[in-house]
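Shown next, in structure tokens, is the structure this report addresses.
The values are calculated or read from the model by the stated rules, or taken from the named source; none is laboratory data. Being a predicted model, the structure only gives us computed values, none of them experimental. No Cβ is skipped: glycine too gets one built from the backbone with ideal geometry, and neighbour counts run over all protein chains shown.
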Amino acid sequence: MTKKDNGISFNLVSRQKFQDLSSEEKLRFILKEVKKGRILVLEYGLTPTEQTSLIENTMKEIEQDTFIGVEMEGYGEDTPTFLQKLFGMGKRPRMTMIGPADLVKTVRKDDNMIQTKIIPGRGAK
């Protein structure tokens with residue numbers, strides 16, 4: 001979202017964008033974008049460890065006047081198939097939505113849909 005056009009924009013981030021990045025690089029990218037007032041929808045989601053690290057890093061970056069944190073909602077990990085279990089392959093995280101806490105509020109979440117409310121005019125940089 002930018003102040004010039006007053007529109008709401010989402011960055012849909014493909015799995016390929018993150019596949020070669022370390023967890024730390026992913027988190028830096030996410031925090032940088034969210035601090036600019038952008039809402040991200042990650043196709044491949046974050047692992048539970050990455051989600052925890054994002055929250056920890058966000059807490060270090062909070063500035064009362066300009067950045068109050070992130071709102072994050074996503075789906076749990078896909079259930080591994082029998083073959084994935086057999087070969088020791090882990091569960092895969094699913095889609096995740098991340099945005100500035102003063103711009104995005106989760107209204108409702110179930111196994112099939114995340115409903116959010118966008119609060120225009122806030123969070124834009």
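If you go through segment 102-116 and pick out every residue that is touching a strand residue (DSSP E or B) at 6+ places or on another chain (Cβ under 7 Å) and not polar (S, T, N, Q), you end up with 7.
Check Leu40, Leu31 and return the single one that is modelled with pLDDT of 85 or more and either in contact with a Cys (Cβ under 8 Å, 6 or more places away or on another chain) or in a strand (DSSP E or B) (or both). Give the steps one after another, and end with the answer.
Details: Leu31 fails: either in contact with a Cys (Cβ under 8 Å, 6 or more places away or on another chain) or in a strand (DSSP E or B) (or both).
Step by step, each of Leu40, Leu31 is checked, and only Leu40 is modelled with pLDDT of 85 or more and either in contact with a Cys (Cβ under 8 Å, 6 or more places away or on another chain) or in a strand (DSSP E or B) (or both).
Annotation: Lys85 fulfils all but one of (1) of a type outside the set (S, T, N, Q); (2) out of contact with any Pro (no Cβ under 6 Å at 6 or more places or on another chain); (3) in a loop (DSSP other than H, G, I, E, B); (4) modelled with pLDDT under 75; the unmet one is (3). Within segment 9-64, the residues that satisfy the criterion of being buried (at least 17 other Cβ atoms within 10 Å of the Cβ), farther than 19 Å from Tyr75 by Cα and in contact (Cβ under 8 Å) with a residue 60 or more places away in the chain are Val34, Lys35, Gly37, Arg38. Candidates in segment 43-68 are the residues that are touching a strand residue (DSSP E or B) at 6+ places or on another chain (Cβ under 8 Å) and in a loop (DSSP other than H, G, I, E, B); of these, the one that is farthest from Phe10 (Cα to Cα) is Thr47.
Picking from Lys26, Lys109, which residue would you name as being at pLDDT 90 or above and of a type in the set (Lys, Arg)?
Values: Lys109 fails: at pLDDT 90 or above.
None of the other options fit; the residue is Lys26.
For segment 10-46, name all the residues that are more than 20 Å from Gly69 (Cβ to Cβ) and among the hydroxyl-bearing types (Ser, Thr, Tyr). Explain how you work it out, then say what you get.
Narrowing segment 10-46 to residues more than 20 Å from Gly69 (Cβ to Cβ): 12, 14-22, 25, 43-44.
Listed by number, the residues that qualify are Ser14, Ser22, Tyr44.
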